[in-house]
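First comes the structure, then the notes that go with it.
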Amino acid sequence: MARWVLAALAVLAAAALFVAAEAQQGRQTERISGSAGDVLDDDPVGKLKVFVYDLPGKYNKKLLKKDPRCLNHMFAAEIFMHRFLLSSAVRTTNPEEADWFYTPVYPTCDLTPSGLPLPFKSPRMMRSAIELIATKWPYWNRTEGADHFFVTPHDFGACFHYQEEKAIGRGILPLLQRATLVQTFGQKNHVCLKDGSITIPPFAPPQKMQNHLISGDTPRSIFVYFRGLFYDKGNDPEGGYYARGARATVWENFKNNPLFDISTDHPPTYYEDMQRSVFCLCPLGWAPWSPRLVEAVVFGCIPVIIADDIVLPFADAIPWEDIGVFVSEEDVPRLDSILTSIPTDDILRKQRLLANPSMKQAMLFPQPAQERDAFHQILNGLARKLPHGENVFLKPGERVLNWTAGPVGDLKPW
């Protein structure tokens, strides 16, 4: 323990020197090298045109009016992407010249009294919207959705369930098999992530985080920080299923370790504490992702990603290996020795990269939109898929999708 404490103290001292240098010389950043940096700074305007379907309010605006809490939960990207596209320079009102078609459906805006989204109606809502656009416009039928994209930000995307086992059993809604899915869920070789999907960050309120920024010369005096659940006894009473046991392992091994500031409490200084920390734990929960990843990047806290096979947001633009630390779930008991063994120079470089404004901006959905933000990264991802290949457009009368596939309950009218 003494060796690890000394190593951590050396890191904290180096971090303090880094902050002091920032204060004297202005904020030190490091440009993202290679093609990743160029991709992150891409301007999508002029590279694609998007047609936004005008759907009845029952698919979007009426849901939001009924429950405005949808604007603040971590799945709110579906709402803000719709608002962004309505006024975006890439929008076209002429569908004949569109490269992509967007169907604005809010499948997570159906909340319980406690504010959690219920995905059980989502498949029927999505199917109903697709049936509508396929009937009213000719564009779906010519590709069966291959030039359409949908924002599906729930725990397991278009599998529409919050428990992984049941999400896998459901699979992606069959009618979405040819469409491009823009979703927060990402895990390699998983039923709920299909090829060609664009993985995005969850929504975290930009203005709220902005309001909690503290002075850039504040020392990072906390070595490892985490606030959140370690167990979910209500949904996982026997333990081991929630977070595949990784969070429980963190607690059991490090609750008394002086290097670790971890707790289930969520103090009013949560955002400030992240700005005082060197490492912020970002373990999986029910799904591999959470808003902690966004918060860590925005606040310059090195994210420690504990989620095997996770596919991270905008992985072709953000150099996650350079800014984060990846710890396999089986190595969690060695978390202290792993973090204290990272060379100080490596830590300082990660902090310089995290200080790059483009890195932070790419993780946010600000209102109004700003250059290089998450909205633009989504458009960049869509633009890189162009031009559409020959396999996108079907021959006259050709059909690929099975409209009667899926669970019986999903086929009921919505």
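When each of the peptides 303-314, 274-285 is scored by the mean number of other C-beta atoms lying within 10 Å of its residues, the order from highest to lowest reads 274-285, 303-314. Over the range 57-96, the pair-distance histogram of Cα-Cα distances with 5 Å bins from zero comes to 5, 21, 26, 21, 14, 10, 3, 1 percent, rounded to whole numbers.
Just to be sure I understand: with springs between alpha-carbon atoms less than 10 Å apart, which residue in His376, His388, His154 has the highest mean-square fluctuation in the Gaussian network model of the chain? Highest fluctuation among the options: His388.
For the range 127-215, the orientation-averaged shadow of the C-alpha convex hull comes to 8.1 nm² (one quarter of the hull surface).
In the chain, taking the dipole from charged Cβ atoms about the Cα centre, the farthest positive-side position among Ser215, Gln183, Asn402 is held by Asn402. Going by the alpha-carbon gyration tensor, a ≥ b ≥ c the square roots of its eigenvalues, is the range 202-261 rounded (a/c under 1.5) or, if a/c is not under 1.5, prolate (a/b greater than b/c) versus oblate? Oblate is the answer for the range 202-261, as a/c is 1.5 or above yet b/c matches or exceeds a/b. Averaged over its residues, the range 226-351 has an accessible area of 38 Å² per residue, based on protein heavy atoms and a 1.4 Å probe.
Accessible area per residue for the range 60-216, computed on protein heavy atoms with a 1.4 Å probe, is 39 Å². Quick one: angle between helix 122-136 and the longest Cα principal axis of the chain, in degrees between 0 and 90, rounded to 10, please. Approximately 40 degrees, to the nearest ten.
Just to make sure I understand: if all protein chains stay in place, what is the order of Leu71, Leu354 by accessible area at 1.4 Å, largest first?
Accessible-area ranking of Leu71, Leu354, largest first: Leu71, Leu354.
Multiplying the residue separation of Lys61 and Tyr241 by 0.36 nm and removing their Cα-Cα distance gives an extension gain of 61.2 nm. Checking (i) 20.9, 64; (ii) 21.4, 79; (iii) 22.1, 73 against the coordinates, the calculated Rg and Dmax of the Cα atoms in Å falls under label (iii).
Residue-wise HN-Hα couplings along the range 209-224, as the Karplus relation 6.51 cos²θ - 1.76 cosθ + 1.60 with θ = phi - 60° gives them from phi, are 5, 4, 5, 10, 5, 10, 4, x, 9, 6, x, 8, 8, 9, 7, 10 Hz; Gly and Pro carry x. Of the accessible area of the chain, computed with a 1.4 Å probe over protein heavy atoms only, carbon and sulfur atoms account for 52 percent.
Partner lysines whose Cα lies under 18 Å from the Cα of Lys66, excluding those fewer than 8 positions away in the same chain, are identified as Lys58, Lys121.
Electrostatic bookkeeping for Gln163 treats Lys and Arg as +1 and Asp and Glu as -1; over the other residues with beta carbon under 14 Å from its beta carbon, the sum is -2.
Between Asp316 and Tyr270, the simple spin-label model (points 7 angstrom out along Cα→Cβ) gives 3.4 nm. Against the chain, whose longest principal axis is taken from its Cα atoms, helix 77-86 shows a tilt of about 60°. Estimated purely from DSSP H runs of n ≥ 4, each contributing -39500 (n - 2.57), the mean residue ellipticity at 222 nm for the chain is -9000 deg cm²/dmol once divided by its residues.
The values are calculated or read from the model by the stated rules, or taken from the named source; none is laboratory data. Please read all numbers here as calculations on a predicted model, not as lab measurements. Cβ atoms come from the backbone with ideal geometry, glycine included; neighbour counts cover every protein chain shown. For the accessible areas, the whole protein counts, side chains as well, though only heavy atoms, and no ligand, DNA or RNA atoms are used. Shrake-Rupley method; radii C 1.70, N 1.55, O 1.52, S 1.80 Å.
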